[in-house]
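Step one of this worksheet: look at the structure below.
Just so it is clear, none of the values below were taken in a lab; they were calculated from the coordinates. These numbers come from a predicted model, not from an experiment. Methodologically, a virtual Cβ is constructed for each residue, glycine included, from the backbone with ideal geometry; neighbour enumeration extends over all protein chains shown.
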Amino acid sequence: MQNQLLSKVPSVDKVLRDEGCQRLLERHGLKLVTSVIRTTLATIRSNLAGTATELPDMQGVITLVAEGLNSQLEASLLPVFNLTGTVLHTNLGRAGLPAEALNAIITTAAGASNLEFDLATGDRGDRDNHIEALLCELTGAESATVVNNNAAAVLLVLNTLALNQEVPVSRGELVEIGGSFRVPDIMARAGCRLVEVGTTNRTHRKDYSNAISDKTALLMKVHTSNYAIKGFTTSVADTELAEIARQHQIPFVTDLGSGTLIDLRKFELPFEPTAGETIENGADLVTFSGDKLLGGPQAGIIAGRQDLIARIKANPMKRALRVDKMTISALYEVLKLYLDPDRLTERLPTLRLLTRTVEEIDALAARVHPAVVAAVGAIAEVSIVDCQSQIGSGSLPLDLLASKAIGLRPAAKKGDGVALERMSNAFRSLPIPVIGRINAGSLIFDLRCLEDEEGFTGQLSELKTADVL
Ligand SMILES: *Cc1c(COP(=O)(O)O)cnc(C)c1O
């Protein structure tokens, strides 16, 4: 019986010649359609060799081919609603860019630009030239350069200034950031030897002094980013580390991690040392991310002493870690916004979201609540609840921002966990996936980062909640 069916599976040619296939050929071309027909027919054959007892007719085959084409052409990287409550969420792409930066990317990416071309002389130029002056103005540094991300910045600094030499770092600062950035590993890959100083909770001035030998290349301080050591603690101030480094005629380098260009207390946000004051306190170089608190594109910024930056730029690794023209044009526009700090919270999405007041978020919650009730009221209890947002990306790990969320508690028959998982899966399956978090038996959508209200409520009618209860 199945053998008989197997012999009736149409040939690739026959499917291609079918009337119903012509529309697919016009849209997708011969090569792709032929390949999808092949895999579709192979699946049909293997199903028949297994448990399948029916052969789809030609119409059915064409439908399967159309579905195969759609799933093959569906983009994998999609915009989502980040309602996790973590503003700078590394897994969700960190900072969103302001309109100025998006427009600059489009203009620059479309064609040729003077990326490495000096328009005044007609000679070869340096891609850093487009942003260096602005970076220097905003940080007080003599010189600056930009690479792919902050991990690359740290790697490049160490490889340039400390190859085959020693770098003392406090045991309290041997951080791991989000999986793969671990200070000891980066040191090893940069070709230098980590010398651990002090203890996890206390590192003193003399610990550094004792660790310095004629093999020491530089002193390094690493922002602890995603954790804090509390209680009986001591660390050595930047100004003192700078002094020790100066006495031994070695550079003092600070990895700021998130890094910020302005005092965030101005916006009633928690304190974070700025790149400018770190340099003023004696750091010879600072490194920080472009897409954390700065609110720009993925990039790693290195700013500080001109002679050190010149050596870094001359390292062949700089070529391997360089940023492209889209990043440079976007970063330039974001940095430009910092020249007018008074308007920054309106214009820079990251700061706009971080400074949203709880009253504003509460009003937003009241506006979207009815649409969520209409969509899931039958399967869950929907309420507006207090919650706390995090800044994220290792920025200010202990500081939480008061916020409001829509909380969904399943009217579960299935056991809470299963119903919650299915409900969050339904929201993740929407055309613009909605990502929340599960907390104490509820699915929580922190509304701090919701700006496109209509985009959010408009798609809720498409929620597939049939299997939740
Ligand atoms: C985030 C972070 C990094 C890595 O920065 P990326 O831009 O993600 O590469 C390095 N050091 C510290 C202290 C950080 O917080």
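A few points about this structure:
- Residue-wise HN-Hα couplings along segment 132-148, as the Karplus relation 6.51 cos²θ - 1.76 cosθ + 1.60 with θ = phi - 60° gives them from phi, are 4, 4, 5, 4, 5, 4, 7, 10, x, 6, 6, 7, 7, 8, 10, 10, 4 Hz; Gly and Pro carry x.
- When segment 99-347 is described by a simple charge dipole with +1 on each Lys and Arg Cβ and -1 on each Asp and Glu Cβ, the residue from Leu337, Asn159, Leu293 located farthest towards its positive end is Asn159.
- The value obtained for segment 99-347, namely the Cα convex hull volume divided by the number of residues, is 131 Å³ per residue.
- Förster radius 56 Å - calculated FRET efficiency between Leu469 and Thr39, Cβ distance, rounded to 0.05: 0.95
- For the chain, share of DSSP beta bridges that run antiparallel, in % to the nearest 5: 65 percent
- Taking each residue as 0.36 nm, the span from Ala120 to Leu400 lengthens on full extension beyond its C-alpha to C-alpha distance by 95.8 nm.
- Entries of Lys292/Lys404; Lys221/Lys266; Lys230/Lys292; Lys14/Lys464; Lys31/Lys325; Lys230/Lys404 with Cα pairs more than 31 Å apart: Lys14/Lys464; Lys31/Lys325
- Sequentially through segment 309-315, phi angles give Karplus couplings (6.51, -1.76, 1.60; θ = phi - 60°) of 4, 4, 5, 5, 5, 7, 6 Hz, Gly and Pro residues having no value and appearing as x.
- Order of Glu359, Glu272 under a 10 Å beta carbon neighbour criterion, fewest first: Glu359, Glu272
- Beta bridges from DSSP with both residues in segment 99-347: antiparallel share about 45 percent, rounded to the nearest 5.
- Here the chain is assigned +1 on the Cβ of each Lys and Arg and -1 on the Cβ of each Asp and Glu. Its dipole about the Cα centre then comes out at about 1360 debye.
- Size descriptors for the chain, from the alpha-carbon set: Rg then Dmax equal 27.9, 89 Å.
- Within segment 270-347, the chymotrypsin sites (Phe, Trp or Tyr not before Pro) that combine a DSSP coil assignment with at most 11 other C-beta atoms in a 10 angstrom radius are Phe271.
- Projecting the Cα atoms of Leu25, Gly436, Thr350 onto the charge dipole of the chain, computed from C-beta unit charges around the Cα centre, puts Leu25 farthest toward the positive end.
- Along each principal axis, Cα extent of segment 2-73, largest first, Å: 34, 22, 16
- Given +1 at the Cβ of Lys and Arg, -1 at the Cβ of Asp and Glu and no other charges, the dipole of segment 2-73 around its Cα centre is 220 debye to the nearest 20.
- Descending by average beta-carbon neighbour count within 10 Å, the peptides 8-17, 294-303 line up as 294-303, 8-17, the highest first.
- Full extension of the chain segment joining Asp362 with Glu277 gains 27.0 nm, where the gain is 0.36 nm per residue of separation less the Cα-Cα distance.
- Two-site FRET efficiency, Asp263 against Val80, from Cβ-Cβ distance with R₀ of 30 Å, rounded to 0.05: 0.40
- Leu30 versus Thr233: modelled label distance in nm, points set 7 Å from Cα along the beta carbon direction: 6.8 nm
- Table column - 3J(HN,Hα) (Hz), segment 461-466, Karplus curve with 6.51, -1.76, 1.60, x for Gly and Pro: 5, 8, 4, 9, 10, 3
- Linear extension gain, Ser11 paired with Ala320, 0.36 nm per residue minus alpha-carbon span: 106.3 nm
- The loop-placed trypsin sites (Lys or Arg not before Pro) in segment 364-469, going by DSSP, that have at most 13 neighbouring Cβ atoms within 10 Å of their Cβ come out as Lys413, Lys464.
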